[in-house]
Amino acid sequence: MTDPTNAPTPSATPVTATLVRGDEVAPEALHAAFGRAFADYLIGPFQVPLEEWAPFLARQGVDLPRSRVALDASGTPLAFAFVAPRPALGRWRLATMGATPTARGSGAAPALLDDLIARAAAAGLQAVELEVFVQNDRARKLYEGRGFQPVQDLFGYLAQPGLLARGEAPPGTLTWAPQAVDLPRALAWLDAAERRIPDLPLQVTATTVRHGQDYRAWQLGKEGVGGDARAQVVFSLPDETVMLHSLIAPREDDAQALLRALATVYGDRRVRVPQLQRDDLGGAVLRALGAEPQPLHQQLMVRPL
């Protein structure tokens, strides 16, 4: 999931809840509550089967002992707030937050958010972060009311086959080609990028990318590949698509070189980018080359502590 909440809606029935650690709730019960909470999600229902629940949490960097679940008097999960630590940034990320239909409007979700902020402050962290779909008004207003401020817009894109390779390259575009690197080298590069580039979404970093299947990575830089590479893309090839899982290219000419190379090598495939792409790391170039921004987009929001 990329949006950390299915926003609570008004409810006429107050619910009394007890907060417990995420690892104190049976996985089956937590998975079921998650499915109920996101059955009417903004971008579609949650459809991850139980056997893929643990890998799903791992991809989100979720730490269940640091996460909290609101239980009713019978021990049934009502709402949850999953925490993903970001030690390199001195932050916690609200990986996802949701409330089951019976708990919406009960105050359980705001209580979980307040608890998260208080525990992060007590732990000496610098900030709490999250991503929210801009179109999710209730969620965005809840976060703004708790002091979260937008720091980056995160867009998704779709480009039809060959589109990004069309046209003449502008003067000054780099002439050397990207080089493939193995995943361990790509992950090491991402770890370094997370430390030097502020406010990278967690899902484009090594925390998430290390769990990918059949991922490929290209790097580009004048001095060759490795730690001194200036730009990197991590992608996979599902169906007839080039799926960009992580594009980090601070220089526009580097971003253009990577994108044109992908569109040339895989000219018969469309290119898809999830709603995690910053404009200044490749998104502006995607748009300039003709990729279509997706209707829904996210914001990365941060609350200093």
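The values are calculated or read from the model by the stated rules, or taken from the named source; none is laboratory data. Owing to the predicted nature of the structure, the values given are computational and were not obtained by experimental measurement. FYI the Cβ positions are ideal-geometry reconstructions off the backbone, even for glycines, and counts take in every protein chain you see. Note: accessible area is taken over every heavy atom of the protein model, side chains too, but ligands, DNA and RNA are not part of it. Shrake-Rupley method; radii C 1.70, N 1.55, O 1.52, S 1.80 Å.
Quick notes
- Listed by first and then second residue, the pairs with beta-carbon distance under 6 Å, at least 6 apart or on different chains, first residue in segment 118-140 and under 18 Å from P198 (Cβ atoms) and in contact (Cβ under 8 Å) with a residue 40 or more places away in the chain, second of a type in the set (S, T, N, Q) and assigned to a strand (DSSP E or B), are E131/Q298.
- L163 meets the conditions (1) more than 30 Å from T16 (Cβ to Cβ); (2) out of contact with any strand residue (DSSP E or B) (no Cβ under 9 Å at 6 or more places or on another chain) in every case but one. The failed one is (2).
- Among residues of segment 89-136 being hydroxyl-bearing (S, T, Y) and either at pLDDT 90 or above or out of contact with any Pro (no Cβ under 9 Å at 6 or more places or on another chain) (or both), the one that is surrounded by the most Cβ atoms within 10 Å (Cβ to Cβ) is T96.
- As a summary of the residue check, L262 satisfies the conditions (1) within 16 Å of V242 (Cβ to Cβ); (2) touching a His at 6+ places or on another chain (Cβ under 9 Å) except for the one numbered (2).
- Helices (runs of 4 or more DSSP H) contained in segment 197-305 and holding at least 3 residues touching a Leu at 6+ places or on another chain (Cβ under 6 Å), open to solvent by less than 30 Å² (accessible area, probe 1.4 Å) and not acidic (D, E): 252-265
- Cβ-Cβ under 7 Å pairs, at least 6 apart or on other chains, segment 180-195 side touching a residue at least 24 places away in the same chain (Cβ under 8 Å), far side among the aliphatic types (A, V, I, L, M) and surrounded by fewer than 17 Cβ atoms within 10 Å (Cβ to Cβ): E194/A88; R195/A88
- Verdict on V265 being among the β-branched types (V, I, T), under 15 Å from R166 (Cβ atoms) and in contact with a Pro (Cβ under 9 Å, 6 or more places away or on another chain): no
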